[in-house]
Every structure is written in C-alpha cells, then in structure tokens.
Amino acid sequence: MNTMKASERMKIPRQHSIEQNAEKRSHNFEEVSLGLDEVLALTEASRCLECKDPICMEGCPVNVDIKSFVQLVNEKKFVDAVKKIRESNFLPAICGRVCPQEEQCENVCTLGKKHDPVAIGKLERFVADYEMKSGQFTIPQIETKREGKVAVVGSGPSGLTCAAELAKYGYAVTLFEALHEVGGVLRYGIPEFRLPRTILDIEVERIQALGVKIYTNFVIGRTATVDELFKEWGFSAVFLGTGAGTPHFMGIPGESLNGVYSANEFLTRVNLMKAYKFPEYDTPIRLGKNVAVIGGGNTAMDGVRTSKRLGAEKAYLVYRRSRAEMPARLEEVHHAEEEGIEFLMLTNPTKILSDGNNNVVGMECQKMELGEPDASGRRKPVPISGSEFVLEVQTVIEAVGQAPNPIIQATTPGLETSKRSTVVVGEKQQTNRPGIFAGGDLTRGGATVILAMRDGKEAAAAIHGYLLERSK
Amino acid sequence: MFKIIEKEFLAPTVARFVIEAPFIAPKRKPGNFVMLRVGKTGERIPITLVDSDVTKGTITLIVQGIGKTTKELLTKSAGDFLSDVVGPLGNPTPILEKKTVACIGGGVGTAELFPITKALNDAGCRVYSIIGGRSKELVILENEMKRSSHTAVVTTDDGSYGRKGIVTEPLKEWLDAKTGIEAVYAIGPLPMMRAVSNLTKNYGVKTYVSLNAIMVDGTGMCGGCRVTVAGKMKFACVDGPEFDGHDVDFDEMILRNRSYAAGEKTVLDRFEHAPGECRLEKMV
Ligand SMILES: Cc1cc2nc3c(=O)[nH]c(=O)nc-3n(C[C@H](O)[C@H](O)[C@H](O)COP(=O)(O)OP(=O)(O)OC[C@H]3O[C@@H](n4cnc5c(N)ncnc54)[C@H](O)[C@@H]3O)c2cc1C
Ligand SMILES: Cc1cc2nc3c(=O)[nH]c(=O)nc-3n(C[C@H](O)[C@H](O)[C@H](O)COP(=O)(O)OP(=O)(O)OC[C@H]3O[C@@H](n4cnc5c(N)ncnc54)[C@H](O)[C@@H]3O)c2cc1C
Ligand code: SF4
Ligand code: SF4
Ligand code: FES
C-alpha cells in the first residue's frame, strides 16, 4: 500500500531508465535502455496518484488496467502486476519498449497535467522483464477446446496477438508467415538495440506453448490462397495481418543508383539477415562514409541510428518539416541526438547524384519553410528558392512511408480494398467477405504495434463470435 | 527444413536438385521461382522452379555455382537439408498457344527457360530453340530442350560444341528467313538478353526476358530488386521476373547487379579458404 499523501507523491521526480552510454552504444547493437531497476521502479510506482477515475487507461489502445498494475508494483507483487497487464496486453515486454507512450497512456495521466506523467511504459517493461528473468511465467490455462480451425496470416504484432487470443478461446490456430522468421516488423524492422530478439523469441515461444502451429516460409496468395485455406485446408475463419510492407520511393532522379535503399531493405538486411555480423552472416550491406536517411518517423530514426552503429562517420536525418512534426517516438529522437545523429530539418531531397558509374556520391537538397496548414492540419513545407545545396553522402536510405503488400488482395476475389490498397474492415475487424477478418497496418496503412495488437485482439473476439454463431 | 532427395551434376559447376517441398510442388507454374537459404547464416537467393512432381511433393532446381551461396549449395548432397525454401514466387510466364516462338537460353538460363519451352510446346507452339553456352561443358539440358522444340541449335562462344558464336546469330537468321516467329523468350546473362532484345526490336517481335535482379525477400517488401522498365520503377520479384525486353534498362541493371561485388568476394573467399576442408574439391 502506498501511504504517501498526494502532495508528497507529486514531489518525487520522474525516474529515468539506466541507459548505455551514448558514445559507446552508438557503436554496438546492444539495447540502449536497460530499463528501471527494482529501486527505481518502486520509486516510480509510488508517484502514481491512484486516481479515482484512472484516465490513463483510456489513453491505452488496449485499456491496460494501469492503476491496478502500478498498485501491484507498489506492493512488490511484480508477477501479479504483469499478469494484470497481460489480461489486456499479451506482449508487455514489447509494448513497454516500443509504445509511443507519450501520445497514449502517459499523455493523459493526471500527474502529467502539472508534473511529469507516471512512466507507465517503463514500469510495464520492468515487470515484464522481471517475470522473464525470474522464469515465473505460467501458460494460461485453456479451459475449453472448441470446434473450428482458424488461420492467421502474418506474424507481426496483430497476427501474434490474434493467434494467442484465439488459442486462449480454445481454437486450433495455424499461423502462416512469408519470411523465414516470425515477428513481422518486430523482427525485420525494429533494431535489436531497441528490442532485443531474445525478448521476441520468448514471446513467440509462449504463443507456441498455447498450441499455435506456425508455418514460416509460407506466402498466402502464393503457396496457398485465402480461398484454399477455407476449401482445401479446412479453416473456418481467416485473420489477415500482413502489414504494410511495400516501401514507397520519393520518385526523385537517382533512386536506382547503387547505395540507395528503402528503409525496409536496409533494416531487413541488418536485422533479419544480420548484415551487421557480416561476413559471419553472408548478407552484405553497402555503407558509405556518410549516410543520409530521409523521413521523420520511427523507421527513419531506426535507419539513421543503425547507420551510425554500422560505422557511418556522418549520419544525417533529412526531414522536410520541422522537429515538432516528426512522427517518431520522442525517446528515440532524443536517443538519436545523443548518439550524434545530425538532424537536417526543413530540408527536402530533390536529386541523388551519381559518380557516373551508378554509385551515389551526393544528394541535392532544398531548404524549406513552413507555410499554411495542409489537409493533415500540419503546416505545409514550401521550398525556399535558391537554397539548394549538396550533401556529400554515399548511402541514401528512404523512409518515406509504405503501403500494404498487394499479393493477398490480388489473389482473394471480392475482397474490398481502398485506393491505398489497404483492406477495408467494418466494426469488429470484419472484411466484406464472410469469415475473413483483418487488422493492423494492413487495414490502417501504417500505425503502431499496440494498435495492431488491439486489432488482433478485437478480431479474435469477433472470430469467436462468428464461429459460435455458425455452429448454432 | 527442406530435404534434398536427389542431386546430380549436369556440368562441372551446374547441378540439378530434387527437393522435398510438398506445399510448393502443386503450385508451380513455368516462370515461378523460390527464395532459398542454404543454412542459418546464409543469404536468401532466388532460384527458378524448373519442374515439380505433385505426387511425390518435390521440386526441381538447377543451380550454377557462381558465388558463395550457390557454391555452398553445390556441396550439398541427397539427404542434406536446406534451411528455407519459399514459393512459388513471381508471376508465371504468359504461355502463348499454337504460335511460332523462339526460346533462347544462355548458360544456366537454359534451366530457367526449359519449363517455359516445355509449356509452350505442350500448348501447341512451334518452338525454335537456341541453347547457348560459353563452352561445351556449360551446355545443359540439350536433350530436354530438343524434345520440346521443333528446331533446336546449340551455340558455344569458343566453338567447342555446336555452332561457334553467340545466340543472336541463329536467331537473326530465323527472323530473316521469315519463320513467322511471333514472340521470343530469352533467359540468360544480362548482356545476352540485352543483345537479343536489341535485335528483336528491329523486327518488332515481342520479347520476354527474365530479370535476375538481386533480391532479399522476393515478396515485394524491400524494393532491392527494383528495375527500370519503360521508364518506370518495377520490383522484379512481384512485377516480374519477366518483362518486355524492349522496355528494360539493361545498362542500369548490369551496374546495379554489381552493387555488392566486394562483399560477395569476401564471403566467397572465406568459404573457399575455410580451414579444415577444401570446399572446392568437394564441389567437383
Ligand atoms: C522500422 C520500423 C520501426 C517502427 N517502430 C515502431 C515503434 O517504435 N513503436 C510502434 O508502436 N510502432 C512502430 N512501428 C510500426 C509497427 O511496427 C507496425 O505498425 C506494426 O508492426 C504493424 O503490425 P502488423 O501485425 O499489422 O504487421 P507487420 O508487423 O508488418 O507484420 C506483417 C507480417 O506479415 C507477413 N506477410 C506479409 N504478407 C504475407 C503473406 N502474403 N503471407 C504470409 N505472411 C505475410 C510479413 O512478412 C510480416 O511478417 C515501426 C515500423 C517500422 C517499419
Ligand atoms: C528470378 C531469378 C531466378 C533465378 N534462377 C536461377 C536458377 O534457376 N539457377 C541459378 O543458378 N541461378 C538463378 N538465379 C541467379 C541466382 O539467384 C544467383 O546466381 C545467386 O543469387 C548468386 O548468389 P551467390 O551467393 O552464389 O553469388 P554472389 O557472389 O552473391 O553473386 C554473384 C552475382 O549474382 C547476383 N546475385 C547476388 N546475390 C543475389 C541475390 N540475393 N539475388 C539475386 N541475384 C543475386 C549478382 O549479380 C552477383 O553479382 C536467378 C535469379 C533470379 C532473380
Ligand atoms: S500498452 Fe502501451 S499504451 Fe497501453 S499502457 Fe502499456 S505502454 Fe501504455
Ligand atoms: S492517471 Fe496517472 S496518476 Fe492517475 S492512476 Fe493513472 S497512472 Fe496513476
Ligand atoms: S526482393 Fe524485395 S521487393 Fe523484390
């Protein structure tokens, strides 16, 4: 029990994670943040005001019962705390690390009105890590085995969550993944220095322990179509969680030069194929002395910080709007700065320059200023004439957005899609075709881990309802 | 894990593999490929599906050893396993029916071309084939190609077998002789496909080429395989691998395929000079 008065609690400053030294970590792939230790966690938890109306919960897309879990931390019941979280969020060790908390739970926290909000994400991570380290995880008991086989397509956070939830309902679940490893963006996109693979591996093992069967190297739409999953494989429902993996390019001259990457390719080579361990691993990567990464989101931030770690002398982040508009998580921007990333804000690339032999030698850019607000409500960047300059770089990484991969949409007749090739879903993640549900980046066109998980969970509930209805 | 059922050398550096892949076998169409990884630290590489046996659940691949991954693959034998095989990927080749066509293979490209030639022949086409190789040992699948062709000739660069010269020579003769060739399917090294496309352009004959871009995932997720076709960016793995040869920017592609020359050499040297055993000897 926390016996401190509210006024006392408010005096305690927000506790900070232990972090690897910036200079050191900018040369390795080990995790940047080591999280809170027990003392820090207890201090941090004691800051919570235990509000009568815990508004923080509403800020969380899956409505984690934050107040209760923080109370359990206060009582040093760390394992119970993580169990509480897991009632609504099956991947706390991951969310505690990668959620944009400052926009979600922590954004609405009452304490945050006048002081710094409770470090909810850090506490979530602390208890999840505690449970992993102490080996106290217990597989949830599956009470009833139910009739009906369900296929989950894609093993990103939406698919993993949907599969876990369905398994808990008692269904026989099979997960299909195109790549040779499971995890989606958590595996190939987000680098190890933000999300160690051991954490992901443990989460995946737990999902397998629930009885979920996993096929890797299996592309739905190619190895089997969605309709074949119903007709030939005997599945009664299908969840599509194939993400938004197709990279956009800016369409400027010079994008076919050697040394120009999509962030997806760059990060896939490094994370999935382990190019950072080349030549121990076979997959190579081309890294010039100087690297420019285009974009302002998490993907751009991961690309530029990875470049630095691979040995780039100068790693630039080139973004056409200003700092305030950058969609990346605040913590990552802050970490990138500490690591010596050079931010070129209000800068727009116009052309990538060749050495005459198809190799990148530079990137022409233009300075921008902010004009009137555009459709998105953000002030629109407009070029300043005569401000062109050349950035001397040998590698250019474009992180300018992505769209869903069209393979499934093209091979599933009648499935409704939008102009942006996202799959259209109604309430409860239901597509226009009976028995087919979808969620995550595939329906949102690029969002967050926790929103993908939310969709996976909603879809599992909807599939459960659908199958109950059908078995009547 | 994917078990190797059979392995046989067709040429000193080219081998045919039959691999257990029960999900892929029934789905294979001419022109499709798989992405494979030999081992857990390996690269993902694209290899064409040459054939499949639906009842046995096997696929056939023909691989030429040119760098680390393909040479390592050639050291594998029946009973060994590959860690990953995924497919079938890419768009199937458009197979014309009851037309006169030419099929031109260069080097290991003949292996990639063979399933297409067979499909065209089965679809009632009159097929003129050219099997090109640098020298006699590198001419592969001659009998198979001949069985599926109305006319087939072999060319070698050094004249050690068949006609001396390059594949475009017999093709030009056929085009000049008004054989009625309506479409050409060419698969081989990029300079060969460029030469064929340049030739057929003059005759206005539709030419399909299969682009061996460097790939990572093979499913449209990385954009590494991008090629310029008719001035537009295309992803070879999902938009191709076949394109209209008259629209392809071959010069750019040739330069792009050299992107990793240094790294490729590093891993190959490391592989060939690994202590303990001589991989090269084991290979031949
Ligand atoms: C570099 C990067 C960093 C990010 N950082 C953050 C962050 O810090 N915080 C945050 O909240 N969000 C972040 N995001 C966004 C977040 O990762 C995504 O919103 C989330 O992963 C979407 O989950 P998903 O399940 O919809 O799909 P994905 O994670 O994209 O997974 C989809 C899976 O489906 C597979 N697949 C695709 N097609 C097929 C098919 N036909 N058959 C079988 N399998 C298929 C793919 O291979 C993939 O494994 C980041 C994204 C990127 C790219
Ligand atoms: C659609 C397609 C079908 C193919 N079918 C066959 C086939 O049936 N039989 C066959 O022997 N070869 C085939 N190839 C070529 C084969 O993929 C390459 O020879 C192989 O990747 C080389 O890898 P390596 O490590 O042995 O050589 P490396 O030393 O890595 O590369 C040698 C050269 O191969 C090319 N290459 C390198 N890495 C890749 C990669 N990941 N993807 C594609 N090309 C690469 C580059 O041009 C490079 O210069 C095909 C390629 C494509 C794109
Ligand atoms: S899941 Fe994310 S948003 Fe929800 S409480 Fe945890 S950190 Fe906050
Ligand atoms: S809103 Fe903030 S202070 Fe209030 S219960 Fe939630 S975490 Fe605690
Ligand atoms: S290989 Fe990645 S998009 Fe084609």
**Study point:** Dipole in debye (nearest 20) - the range A:360-412, about Cα centre, beta carbon charges: Lys, Arg +1; Asp, Glu -1
**Key:** 220
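Indicate the gyration tensor shape class of the range B:1-155 (rounded, prolate or oblate), computed on the Cα atoms with a ≥ b ≥ c the square roots of the eigenvalues: a/c under 1.5 is rounded; otherwise a/b larger than b/c is prolate and the rest oblate.
Numbers: a/c = 2.16, a/b = 1.42, b/c = 1.52.
Note, shape of the range B:1-155 comes out oblate.
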Review point. Based on Cα positions only, what radius of gyration and what Dmax would you give for the range A:249-400, in angstroms?
Key: 15.2, 51
Exercise for review: With springs connecting C-alpha atoms under 10 Å apart, model chain B as a Gaussian network and identify which of B:117, B:207, B:100 has the largest mean-square fluctuation.
Suggested key: B:100
Practice item. Within the range A:116-176, list the trypsin sites (Lys or Arg not before Pro) lying in a DSSP loop whose Cβ has at most 10 other Cβ atoms in a 10 Å radius. Key: A:145
**Study point:** Alpha carbon convex hull of the range B:2-89, projected area averaged over orientations, nm²
**Key:** 5.0
Point to revise | Environment charge of residue A:299, counting only residues whose C-beta is closer than 13 Å and scoring Lys/Arg +1, Asp/Glu -1 | key: -2
Practice item. Mind checking A:74-81 for the average number of partner chain beta-carbons within 10 Å of each residue's beta-carbon? Key: 0
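Taking the square root of 5 times each eigenvalue of the Cα gyration tensor, what semi-axes in Å does the equivalent ellipsoid of the range B:69-208 have, largest first?
Details: eigenvalues 141, 70, 39 Å².
Calculated on Cα positions only, the semi-axes equal 27, 19, 14 Å.
With +1 on each Lys and Arg Cβ and -1 on each Asp and Glu Cβ, how big is the dipole of the range A:132-174 about its Cα centre, in debye rounded to the nearest 20? Show your work: numbers first, answer last.
On the way: 5 positive and 3 negative charges, 17 e Å.
My answer is approximately 80 debye.
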Practice item. Rounding to the nearest 20 debye, state how big the charge dipole of the protein assembly as shown is about its Cα centre with +1 on each Lys and Arg Cβ and -1 on each Asp and Glu Cβ. Key: 800
Practice item. Assuming 0.692 mPa s and 37 °C, estimate D for the range A:6-134 with Stokes-Einstein, Rh taken as the Kirkwood radius over Cα pairs, in µm²/s. Key: 223
Exercise for review: Mind checking which of B:111, A:272, A:189 is farthest towards the positive end of the protein assembly as shown's charge dipole, using Cβ charges of +1 (Lys, Arg) and -1 (Asp, Glu) about the Cα centre?
Suggested key: B:111
**Study point:** Calculated P(r) tail over 24 Å for the range A:356-472, as whole % of Cα pairs
**Key:** 53
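Would you calculate, for chain A, the mean residue ellipticity at 222 nm contributed by helices, counting each DSSP H stretch of 4 or more residues as -39,500 (n - 2.57) and dividing by all residues, to the nearest 500? Intermediate values should be presented prior to the final figure.
Details: 19 runs with 161 residues, N = 472.
Mean residue ellipticity at 222 nm (helix-derived): -9500 deg cm²/dmol.
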Point to revise | Rg and Dmax [Cα atoms of the range A:269-353; Å; Rg one decimal, Dmax integer] | key: 13.3, 41
Exercise for review: Give the shape of the range A:130-246 as rounded, prolate or oblate, defined through the alpha-carbon gyration tensor: a ≥ b ≥ c are the square roots of its eigenvalues, a/c under 1.5 means rounded, and otherwise the shape is prolate if a/b is larger than b/c and oblate if not.
Suggested key: oblate
Revision key, fill the gap. Placing +1 on each Lys and Arg Cβ and -1 on each Asp and Glu Cβ in the protein assembly as shown, then taking the dipole about the Cα centre, the residue among A:32, B:220, B:70 whose Cα reaches farthest towards the positive end is B:220
**Study point:** Residue mean of other protein chain beta carbons inside 10 Å, A:279-289
**Key:** 6
Review point. When every alpha-carbon pair in the range A:130-186 is counted, what percent end up more than 15 Å apart?
Key: 57
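Please average, across the residues of A:214-227, the number of beta carbons from any other chain that are within 10 Å of each residue's own beta carbon, and give a whole number. Please list the in-between numbers first.
Details: counts 0, 1, 2, 13, 4, 11, 0, 1, 12, 9, 3, 1, 0, 0.
Other-chain Cβ atoms within 10 Å of each residue's Cβ, averaged: 4.
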Check your understanding: Projected onto the charge dipole of the range B:100-210 (+1 at Lys/Arg Cβ, -1 at Asp/Glu Cβ, origin at the Cα centre), which of B:149, B:139, B:200 gives the Cα projection farthest towards the positive end?
Key -> B:200
Check your understanding: Of all DSSP beta bridges located in chain A, what percent are antiparallel, nearest 5?
Key -> 40
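In terms of the Cα gyration tensor, with a ≥ b ≥ c the square roots of its eigenvalues, is chain A rounded because a/c is under 1.5, prolate because a/b exceeds b/c, or oblate? Numbers along the way, then the final one.
Working: a/c = 1.71, a/b = 1.15, b/c = 1.49.
Oblate.
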**Study point:** For chain B, alpha-carbon Rg and Dmax in angstrom
**Key:** 18.3, 59
Study note, to complete from the structure: With -39,500 (n - 2.57) per DSSP H segment of 4 or more residues and division by the full residue count of chain B, the 222 nm estimate, nearest 500 deg cm²/dmol, is -7500 deg cm²/dmol
Check your understanding: Roughly speaking, what is the centre-to-centre gap between the range B:132-170 and the range A:409-472 when only Cα atoms are used, to the nearest Å?
Key -> 53
Review point. By Kyte-Doolittle mean hydropathy of at least -1.0 and Cα axial length of at least 20 Å, which whole DSSP H helices of chain A are selected?
Key: A:120-134, A:449-471
Exercise for review: Provide the net charge surrounding residue A:47, with neighbours chosen by a C-beta distance below 14 Å and charges set as Lys +1, Arg +1, Asp -1, Glu -1.
Suggested key: +3
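In percent, what relative contact order does chain A have, based on Cα pairs under 8 Å that are 6 or more apart in sequence? Spell out each step's value before the answer.
Details: 1005 pairs, mean separation 73.8, N = 472.
Value for chain A: 16 percent.
Taking the alpha carbon gyration tensor of the range A:359-407, what are the square roots of 5 times its eigenvalues, largest first, to the nearest whole Å?
24, 23, 6
Around residue A:349, under 14 Å between beta carbons, what's the net of Lys plus Arg minus Asp minus Glu among the other residues?
So the surrounding residues net to -1.
Only the coordinates and a few stated rules stand behind these numbers; no lab work does. Please read all numbers here as calculations on a predicted model, not as lab measurements. Please note: Cβ atoms are built from the backbone with ideal geometry, for glycine as well, and neighbour counts cover all protein chains shown.
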